[in-house]
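**Student:** Shown below is the structure under consideration.
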Amino acid sequence: MSLSDPLGDMLTRIRNAQRARHVSCVSPASKLRSNVLDALQREGYIRGYSHEEIRKGITQLHIELKYSEGEPVIKEIHRLSRPGRRVYSKIKELPRVRAGLGVSILSTPRGVLSDVEARAANVGGEVLCRVF
C-alpha cells in the first residue's frame, strides 16, 4: 500500500490508539518518523519507542503511549505541513501552541526539534505537527 503522507499516517495511528486506550501502537519505520518520536519522547508525550524487524529489511516502530491518571497525555495531535501544502516558519514568527502548554515539532537544518529546542538554537524550518 502506498501512502502519500507517511508521517500523517503515524500521527493518526497514535491518535486512534490513544482514543481507544491502547498501551501501544505500531507504525512502519522511517528516519523521519523516528526523529519525530524522539522529539515527542524528549517532551514527555510518549513513554518510548523501539524498532522491531518483522522481516529482513522491513522494520516497524513499536510506540509506547503515555497516560496520566487514566487520561491520555496527548489531547490533540495533528499534522500542520502536508504534502499538498508545506508550512514553513521563521523562529520569530512561530506561534506558541496553547500559550506554551503544547509543542510544535519542526524539521530544521539541525534536525527534528521541538519549538522550545528550536527557539534555543534560533533556527526555523518546516512545521511538521502540533501536539497538546
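The values are calculated or read from the model by the stated rules, or taken from the named source; none is laboratory data. Nothing here was measured: the structure is a model prediction, and the numbers come from that model. For neighbour counting, all protein chains shown are included, and Cβ atoms are generated from backbone atoms with ideal geometry for every residue, glycine included. Side chains included, ligands, DNA and RNA excluded: accessible areas come from the protein's heavy atoms. Shrake-Rupley method; radii C 1.70, N 1.55, O 1.52, S 1.80 Å.
**Student:** Just to confirm the number: angle between the C-alpha axis of helix 31-42 and the first principal axis of the chain, 0 to 90 degrees, nearest 10?
**Tutor:** Roughly 80 degrees between the two axes.
**Student:** What longest region of the chain stays clear of GluC sites (Glu not before Pro) that DSSP places outside H, G, I, E and B and that have at most 13 other Cβ atoms within 10 Å?
**Tutor:** 1-68
**Student:** Within the chain, what is the number of lysine pairs with alpha carbons under 28 Å apart, leaving out pairs fewer than eight places apart on the same chain?
**Tutor:** Taking the Cα cut-off of 28 Å, the pair count is 8.
**Student:** Next question. Per-residue accessible area for Arg33 at 1.4 Å probe radius, Å² rounded to 10?
**Tutor:** 10 Å²
**Student:** Quick check on the chain: helices-only [θ] at 222 nm, where DSSP H runs of length 4 and up contribute -39,500 (n - 2.57) each and the sum goes over total residues. Nearest 500, please.
**Tutor:** Helix-only estimate at 222 nm: -7500 deg cm²/dmol.
**Student:** Let's test the formula: R0 of 35 Å, r as the Cβ-Cβ distance of Lys56 and His22. What FRET efficiency results, to the nearest 0.05?
**Tutor:** Step by step, r from the Cβ atoms, then E = 0.80.
**Student:** Counting only protein heavy atoms, what percent of the accessible surface of the chain is carbon or sulfur at a 1.4 Å probe?
**Tutor:** So the carbon and sulfur contribution to the accessible surface is 49 percent.
**Student:** Skip the ligands, DNA and RNA, and give the accessible area per residue of the chain with a 1.4 Å probe, whole Å².
**Tutor:** Per-residue accessible area for the chain comes out at 58 Å².
**Student:** Ignoring solvent entirely, what values of log10 I(q)/I(0) come out of the Debye formula for the chain at 0.10, 0.22 Å⁻¹ when each Cα is a single scatterer?
**Tutor:** So the normalised log intensities are -0.31, -1.41.
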